[in-house]
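In what follows, a single structure is set out as structure tokens and then discussed.
Please treat every number below as a calculation from the coordinates, not as lab data. Predicted model, so just to flag it, every value in this text is computed and none were measured. In this analysis, Cβ positions are derived from the backbone assuming ideal geometry, glycine residues included, and neighbour counts consider all displayed protein chains.
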Amino acid sequence: MPGSGRFVMPISVLAVSLLVLTGCGSSGTSTPASGASTESGTSPAGQTITVYSGQHEQTVKALAADFEKRSGIKVALRSGDEAELANQLLQEGKASPADVFYAENPPALTVLENQGLLAPVQADTLKAVPAGDSSPKGDWVGVSARTAAFVAAGGKGAVTAPPASVLDLAKPEWKGRLGIAPSETDFAPVVTEVIKSAGTDGAKKWLEGLKANAKVYQSNEDLSAAVNSGEVEGGVVDHYYWYRLRDEKTAAGTHSKLHYFAKGDPGALVDVSGAAVLAAGKHQQAAQAFLTYLTSTPAQQLIASSESYEYPLVAGVKGKSELPPLNSIGSVVAPGDLGDGKQALQLLQDTGLLA
């Protein structure tokens, strides 16, 4: 399912590209009107924009359909792994058919930004969400947020309490009890936070400890299912994987629990999804209208009520009632702090967790 970097190949390809190519807010904006004019004075209604999306496919399909009804602009959606799509955009360059890139994590957007492939986002769109949730350069806008968490077995397999810190997972007592999904694009930002906390050498030792302790899974879905079945006792995932597993299994079939790390811990990562307009896109005004829509109240309400279980960013729009308040977990990590993810991906490769 798009919205999870579940394959080793795409994130590894992006890692190679990175190494080679790169050295609360105001209220929501109004939904773009179908009569909005382009710079040439013609209406974008009736145009078709191509959106490369690494976000949750069903939610993005619903957003695209709602945007089409409201604006008269058609959306050709190409969903896939965000790392694979980012790498495709790097390869296509100015010849890409894409008008918009909608990514799950900031590093994929930052890579494209650093290559000059993104157009500035309209100022009113950027103002719709907190300033710290978007590109510091203004080349992409934050759309929704999620947090890392620890999913723990709730049945007979759970013999001890969840770790107090994500750093504890490298300790010998977790040997044979832990699962990890290092090829997930969600995992690299956690590594970046560990680098900030423990330094490069400390982060490398931590990853080596995880490698010694853990069974490797290809996706957070697989990892969450393994914890729920008692195959392993726990693992780090984005929070929504557990909620979606709970919906699938129902309460009777859910044998795991979600635990959040304490504020300030590297495991209490809160980051954002974001969207950008490609600088070489042929439908600039229509693409900007789509970003304006994503940060409007109707779109944020759709995200908040969807099965993606993400947090809306626009003030006044609340997430699902069963989600803990985002500010009780932590603050959104500044996208600039996550950077392009190159250092984290290099460490994952150096420790053999990625090919």
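Can you sort TRP206, TRP140, TRP174 so the residue with the fewest Cβ neighbours within 10 Å comes first?
On the way: TRP206 24, TRP140 31, TRP174 20.
Ordered from fewest to most neighbouring Cβ atoms within 10 Å, TRP206, TRP140, TRP174 come out as TRP174, TRP206, TRP140.
For the range 203-355, what relative contact order do you get, as a whole percent, if you take Cα pairs closer than 8 Å and at least 6 residues apart?
Details: 115 pairs, mean separation 36.1, N = 153.
The value is 24 percent.
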Q) Picking from THR250, ALA170, ALA181, whose Cα lies most toward the positive end of the charge dipole for the range 147-269 (charges on Cβ: Lys, Arg +1; Asp, Glu -1)? A) ALA170
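Taking other Cβ within 10 Å of each residue's Cβ, how do THR125, THR48, THR59 sort, fewest first?
Working: THR125 24, THR48 14, THR59 21.
Going from least to most buried by this count: THR48, THR59, THR125.
Using the number of other C-beta atoms within 10 angstrom as an exposure proxy, rank GLU310, GLU92 with the fewest first. Write down the numbers at each step before the final one.
Working: GLU310 27, GLU92 15.
By the 10 Å Cβ count, ascending, the order reads GLU92, GLU310.
What is the packing order of peptides 343-351, 83-91, taking the mean over residues of other C-beta atoms within 10 Å and listing the highest first? Mind dumping the intermediate values first?
Working: 343-351: 19.9, 83-91: 22.6.
Highest-to-lowest ranking by the protection proxy: 83-91, 343-351.
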Q. For the residue pair LYS211 and ALA355, what label-to-label distance in nm results when each label sits 7 Å from Cα along the Cα-to-beta-carbon direction?
A. 1.6 nm
Q | Among beta bridges that DSSP assigns inside the chain, antiparallel share in %, nearest 5 | A | 60 percent
